[in-house]
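The values are calculated or read from the model by the stated rules, or taken from the named source; none is laboratory data. The model shown is predicted, which means the values in this text are computed figures rather than measured ones. Here the Cβ positions follow ideal geometry from the backbone for every residue, glycine too, while neighbour counts run over all protein chains shown. These accessible areas exclude ligands, DNA and RNA; they are computed on the full protein's heavy atoms, side chains included. Shrake-Rupley method; radii C 1.70, N 1.55, O 1.52, S 1.80 Å.
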Amino acid sequence: MSIFSSKKLNHTVYTFDSMYDCIKKCAERYADNPKYIYIENKTEKVITFSGMLERVNFVASALNALGLLGKFVTVTGDTHPDYFSTEFGVIASGGVIIPLDKDVNAEQFVGFNKMCDVECIVYTPSLDKKIAETCATLSDVKKFIRI
């Protein structure tokens, strides 16, 4: 016997055609509700569901302008809403996202990016040193974008 058999669950199940469709429908449903609340420079900041959709669209548009639609893009660094905007923006633009842990060593970092034919690396400031150390060996990477 199920623990739920005596109760009727009342919840809505949503379906999505793609990750972008999920972001878009959530923005329509929850608009100005907070999606992320975080601290930056000792100040609390809020990004709404609509704000996240705007950021995702911005990333997808930027990739288009840079000639990177449908390309492999690495994102790495500290957890930040822009990290997630990049992931969803790459997916929305038909690209392939390569999320790399910020703690992989320089040799692994180069190896993963070369193996995946990455053309763009998006990173947070905490990775400045690693990017400086490895960018010369990543000749196929066309753009390094610091969040």
Check your understanding: Applying the selection to segment 101-127, what residues are open to solvent by less than 60 Å² (accessible area, probe 1.4 Å), farther than 22 Å from residue 58 by Cβ, in contact with a strand residue (DSSP E or B) (Cβ under 9 Å, 6 or more places away or on another chain) and not in a loop (DSSP other than H, G, I, E, B)?
Key -> 109, 113
Practice item. Collect the residues in segment 30-64 that are touching a helix residue (DSSP H, G or I) at 6+ places or on another chain (Cβ under 6 Å) and in a helix (DSSP H, G or I), keeping them in residue-number order. Key: 30, 49, 50, 53, 55, 56, 59, 60
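For segment 70-81, give me each residue that is surrounded by fewer than 21 Cβ atoms within 10 Å (Cβ to Cβ) and at pLDDT 90 or above.
Kept after step one, since they are surrounded by fewer than 21 Cβ atoms within 10 Å (Cβ to Cβ), are these residues of segment 70-81: 70-72, 78-81.
Listed by number, the residues that qualify are 70, 71, 72, 78, 81.
Filter segment 86-125 down to the residues that are of a type in the set (Phe, Trp, Tyr) and either in contact with a helix residue (DSSP H, G or I) (Cβ under 8 Å, 6 or more places away or on another chain) or under 25 Å from residue 40 (Cα atoms) (or both) and list them by number. Can you show your working first?
Initial filter on segment 86-125 (of a type in the set (Phe, Trp, Tyr)): 88, 109, 112, 123.
Hits for segment 86-125 are 88, 109, 123.
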Review point. Which pairs have Cβ atoms under 9 Å, sit 6 or more apart or on different chains, and link a residue in segment 131-147 that is within 15 Å of residue 116 (Cβ to Cβ) and open to solvent by less than 60 Å² (accessible area, probe 1.4 Å) to one that is assigned to a loop (DSSP other than H, G, I, E, B) and of a type outside the set (Ser, Thr, Tyr)?
Key: 138/118; 141/118; 141/119
Check your understanding: Looking at (1) outside any strand (DSSP E or B); (2) buried (at least 16 other Cβ atoms within 10 Å of the Cβ), which is the one condition that is false for residue 67?
Key -> (2)
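Look through 130, 114, 71, 42 and report the one residue that is farther than 25 Å from residue 19 by Cα and touching an Asp or Glu at 6+ places or on another chain (Cβ under 8 Å).
Details: 130 fails: touching an Asp or Glu at 6+ places or on another chain (Cβ under 8 Å); 71 fails: farther than 25 Å from residue 19 by Cα; 42 fails: touching an Asp or Glu at 6+ places or on another chain (Cβ under 8 Å).
After applying the criteria, what remains is 114.
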Check your understanding: Looking at segment 8-22, is at least one residue free of Cβ contacts under 8 Å to residues at least 12 places away in the same chain and not in a loop (DSSP other than H, G, I, E, B)?
Key -> yes
Revision key, fill the gap. Those residues of segment 78-97 which are within 11 Å of residue 124 (Cα to Cα) and either of a type in the set (D, E, K, R) or in a strand (DSSP E or B) (or both) amount to 78, 82
